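Input: a single structure, listed below in structure tokens.
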Amino acid sequence: MQERKTMTLDRRRILTGATLLGGLNLLGLAGCVTAEAPAAALLTYGNAPPLFPVRAQADRIFDITVCLRPFRAAGPRLDTEQVGDTLVVHNYGHGGSGWSLSWGSSTIAVRKAMAAGPAEVAVLGCGALGLTSALLAQRAGAKVTIYARELLPDTRSARATGSWTPDSRIALASVAGPSFGPLWEEMARISFKTYRRYLGLPGAPVEWTDRYLLSDETPDAAMARLKARGSGQGGLDFAEYADRIADLTPGWETLPPGSTPFPTPTVRRSEAMMFNIADYGHTLIADFLAAGGAIRTMEFHAPGELALLKEKVVINCPGYGARALWKDESITPVRGQIAWLIPQSEVDYGVIYRGVSMLSRRDGIVIQSLQGGDMRGYGDTNETPDRAEAESSLAVIAELCSRFGAPLRRCLPADGGRRFSSRACAPVPRSSGGRRNLPTPDAEA
């Protein structure tokens, strides 16, 4: 039996590799050809599911969205301040980690908000942080009202990629300092454990999917070249904390040649948690309203207006809006654009190929350029969709998928147990394609 090899490959190297290593880069792919995996290799490496191609035509783009991530070099703002007779607990500035850290960050904010035992709490904002703060304040015993200019579908939170990325542009290591690491870890572990409660629910608000990284180089050669070229982050030392929670998620395994449709010397596979934001957001709002919560449409123009609310404790979750409302110049916008393709139920994986990310969600297939790494979109306030950028990224995925042939064979146990036989393998027809129910993680947060 072949040994299953695992490795740690953090998100920062994934992004910088897309920029630094060019056509034969860490994420590049020379092409996909039709190939049947050798049965022994396929069986040894965990019954690789059939991989169906994306129908990557430009006329299947049904939306292009732009999100401004609220990056703070010091990390999220979680302090308190008094505005008149109102206690304001801040909960914003999470960069590209808002959904991933929302439950943990909101837990910390709600602890501060409920310290004096208020009967009523106001939450400002209806995005990822606002909704989780509101639900947690309810569970702590408060009557909660959300005040927001926009409901979730119209917020910037709804335009996120929807993947578990808890240290995505979360801080600069030199500014946040060593004390932020333990706080980040607390937020990440709380969030991870809470997300487990949403696995397996109708609509699949949260689920696990396979992810693939492809390289035309051997793993050692790719990493050596990446390290030699430097971080590629324009001199900014974006903090990396993934090693602190490495016990929570699967590592990257290098698959043997021929075990996938990708003919590259190196194919890495892992599994990652994904948020189907349409279903997940609907679940959060429904839970909040069912527990007696209220949502009021209201726009605030100055902090002093919060003192006019009947609630004297406010959890402030405005996201990027804090830059204008609180005149918080510590927030730097980081522009991110997604092209949305019509969903395909048979496509249930994500891939990174030549600096472009494709992730299939239930509410659409999201296509995003990663060129430039964490510096991509840094300081850019432009929220106008760029059709040319969308079609350029889509063309990369289209070229990849044009090389797909028949899906890999699915193999089943020959005797109902752990022993497999190549005779139990059969081609999987396209008509039977569907999402697999992936197992929930067994790591404890």
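Ordering HIS94, HIS301 by the number of other Cβ atoms within 10 Å of each residue's own Cβ, fewest first, gives HIS301, HIS94. Cβ crowding within 10 Å, taken as a proxy for footprinting-reagent exposure, orders ASP328, ASP85 from fewest neighbours to most as ASP85, ASP328. Placing +1 on the Cβ of every Lys and Arg and -1 on the Cβ of every Asp and Glu, with no other charges, gives the range 132-212 a dipole of roughly 200 debye about its Cα centre.
Quick one: if the Förster radius is 51 Å, what FRET efficiency do ALA74 and PHE404 give, using the C-beta to C-beta distance and rounding to 0.05? Calculated transfer efficiency: 0.65.
Cβ-to-Cβ counts within 10 Å put LYS143, LYS327 in ascending order as LYS327, LYS143, the fewest first.
FYI, it's all coordinate maths here, none of it is from the lab. Everything numeric here is computed off the predicted structure, so don't read it as measured data. Positions of Cβ are backbone-derived with ideal geometry, glycine not excepted, and every protein chain shown enters the neighbour counts.
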